Amino acid sequence: MFLLCNRHQYSYNFEIPAIFCQTYNHERFVMRNILIFLLAIVPAVIMAQKGSVLGKWKAIDDHTGEAVSIVEIFENQGKIYGKVLEIFNPADRNKKCVSCPGADKNKPLIGLTVIKGLTKDGDEYNGGEILDPKHGKLYDCYITLENANKLKVRGYIGLAFLGRTQYWHRVQ
């Protein structure tokens, strides 16, 4: 594309390529570059959010199918943890984990870290544990995203096929 170029001190009476003309529409150039940047970055940010296990999840009991709590999954020093933020059954809100082992014994259920030390391994997070506060038992654990709003949480003993699976739903 060729434009007639007029500079402050110099005037040309012939056409030169716009790329060499310093009076080329600078605002248009900047806006185009901003648009290209946004078109490249915004989808990446959206995909990163949709593809993350981090956030608040509604835990669903695998036996009854009812929502039992809200668990916040967070990262600390490169590992994934989950702590109970809310319990839906009013009778359980003030309970303590009387059967829990170690440092978790007699801690309130609200605020209790139930997912501990998972690390990313491909599409799943594993290598950590999950605490069942109802029975005070620790199980090996892995979690995977089924989709952006559904999390598969599996607790097991030794081999992954010897365990229970719950599906949690993202809290919007």
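The number of residues in the stretch 90-128 being over 17 Å from the mean Cα position of the chain (by Cα), surrounded by 15 or more Cβ atoms within 10 Å (Cβ to Cβ) and among the β-branched types (Val, Ile, Thr) comes to 3. Could you say whether any residue in the stretch 2-10 is out of contact with any helix residue (DSSP H, G or I) (no Cβ under 6 Å at 6 or more places or on another chain), modelled with pLDDT under 55 and of a type in the set (A, V, I, L, M)? Checked the stretch 2-10: at least one residue is out of contact with any helix residue (DSSP H, G or I) (no Cβ under 6 Å at 6 or more places or on another chain), modelled with pLDDT under 55 and of a type in the set (A, V, I, L, M).
Every condition in (1) open to solvent by 30 Å² or more (accessible area, probe 1.4 Å); (2) over 21 Å from residue 52 (Cβ atoms) is met by residue 87 except one, and the failing one is (1). For beta carbons closer than 6 Å, sequence separation of 6+ or different chains, a first residue in the stretch 101-124 that is at positive phi and of a type outside the set (Phe, Trp, Tyr) and a second that is outside any loop (DSSP other than H, G, I, E, B) and open to solvent by 40 Å² or more (accessible area, probe 1.4 Å), the qualifying pairs are 106/96; 117/79. The residue of the stretch 149-171 that is farthest from the chain's Cα centre (by Cα), among those that are modelled with pLDDT of 95 or more and assigned to a loop (DSSP other than H, G, I, E, B), is 171. Residue 76 meets the stated requirement of being open to solvent by 70 Å² or more (accessible area, probe 1.4 Å) and either within 18 Å of the chain's Cα centre (by Cα) or at pLDDT 95 or above (or both).
The values are calculated or read from the model by the stated rules, or taken from the named source; none is laboratory data. Since we're looking at a predicted model, the values are computed, not measured. Note: ideal-geometry Cβ built from the backbone for every residue, glycine included; neighbour counts use all protein chains shown. Just so you know, the surface numbers come from the protein's heavy atoms only, side chains and all, with ligands and any DNA or RNA stripped out. Shrake-Rupley method; radii C 1.70, N 1.55, O 1.52, S 1.80 Å.
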